[in-house]
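Here is the structure we will look at, set down as structure tokens.
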């Protein structure tokens, strides 16, 4: 599986062409089957690394909360999430096959917010976009979960499962290696059980730092 995307910290609209370029930089190229979701400054694209693998699901609830899940929860439960005006679990309510776990996580997050990330067992990565708060939460749980990398230059906040995806989003590179610049200091590899959240700055002039919070999934936040 592969997942990549970004949040534009200036509030501008995320572009599908940028997401496609990020996904196309993946080690297997641009997957024929892929999922995409755009919501103002937030955009995400998912794909399968092999033709027979499932596409990481994108679940969107009736309030616009977006959950992207790579991996499986330990104890999946009933599907409770739907788009506005659509019955829960209907094909139109789900963006991708195998979305039950993503919908379960969306329902749990809507109820308990990030406090739900610790109790949800299993090995997975998740991205949660809260449109009301203009906030993205990235989480990685379990040692066997896929890698999840993040980077920012203060204008965009990018994430992906491969370094090349961050390079396609604008991370600096020279002669095949990332340059040790101040911008590189904002590249992170999430550890097991680590969560990271980023919020869009207010309408004040751009700041030299972006509002990032990091915590462990086992802690109440």
TODO: Specify the residue that is farthest from residue 38 (Cα to Cα); the eligible residues are those in the range 115-132 that are in contact with a strand residue (DSSP E or B) (Cβ under 8 Å, 6 or more places away or on another chain) and modelled with pLDDT of 90 or more.
DONE: 124
Open item on the list: Please go through the range 44-63 and give me each residue that is assigned to a loop (DSSP other than H, G, I, E, B) and in contact with a strand residue (DSSP E or B) (Cβ under 7 Å, 6 or more places away or on another chain), ordered by number.
Closed with: 49, 55, 56, 57
Open item on the list: Please determine whether any residue of the range 92-101 is modelled with pLDDT under 90, touching a strand residue (DSSP E or B) at 6+ places or on another chain (Cβ under 6 Å) and under 26 Å from residue 12 (Cβ atoms).
Closed with: yes
Open item on the list: If I ask for residues that are out of contact with any helix residue (DSSP H, G or I) (no Cβ under 9 Å at 6 or more places or on another chain) and under 20 Å from residue 129 (Cα atoms), which ones from the range 20-57 would you list?
Closed with: 20, 35, 37, 39, 40, 41, 42, 55
- [ ] Could you tell me whether the range 173-184 includes any residue that is in contact with a helix residue (DSSP H, G or I) (Cβ under 8 Å, 6 or more places away or on another chain), within 29 Å of residue 71 (Cβ to Cβ) and modelled with pLDDT of 95 or more?
- [x] no
TODO: Output yes when any residue across the range 195-203 is under 17 Å from residue 25 (Cβ atoms), at pLDDT 90 or above and buried (at least 18 other Cβ atoms within 10 Å of the Cβ), and no when none is.
DONE: no
Open item on the list: Going through 170, 218, 191 one at a time, which residue ends up being at pLDDT below 75, surrounded by fewer than 19 Cβ atoms within 10 Å (Cβ to Cβ) and more than 24 Å from residue 61 (Cβ to Cβ)?
Closed with: 218
TODO: Name the one entry in 19, 6, 38 that is at pLDDT 95 or above, in a strand (DSSP E or B) and crowded, with 22+ Cβ neighbours inside 10 Å.
DONE: 6
Task: Cross-chain or 6+ apart pairs with Cβ under 8 Å, the range 194-209 first and assigned to a loop (DSSP other than H, G, I, E, B), then at pLDDT below 90 and buried (at least 19 other Cβ atoms within 10 Å of the Cβ) - done: 201/210
TODO: Filter the range 121-136 down to the residues that are in contact with a helix residue (DSSP H, G or I) (Cβ under 9 Å, 6 or more places away or on another chain) and surrounded by 23 or more Cβ atoms within 10 Å (Cβ to Cβ), then identify the one that is farthest from residue 213 (Cα to Cα).
DONE: 124
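The values are calculated or read from the model by the stated rules, or taken from the named source; none is laboratory data. Treat the numbers as computed from the prediction; the structure is a model and nothing was measured. Counting neighbours? That spans all protein chains shown, and the Cβs are built from the backbone with ideal geometry, glycine included.
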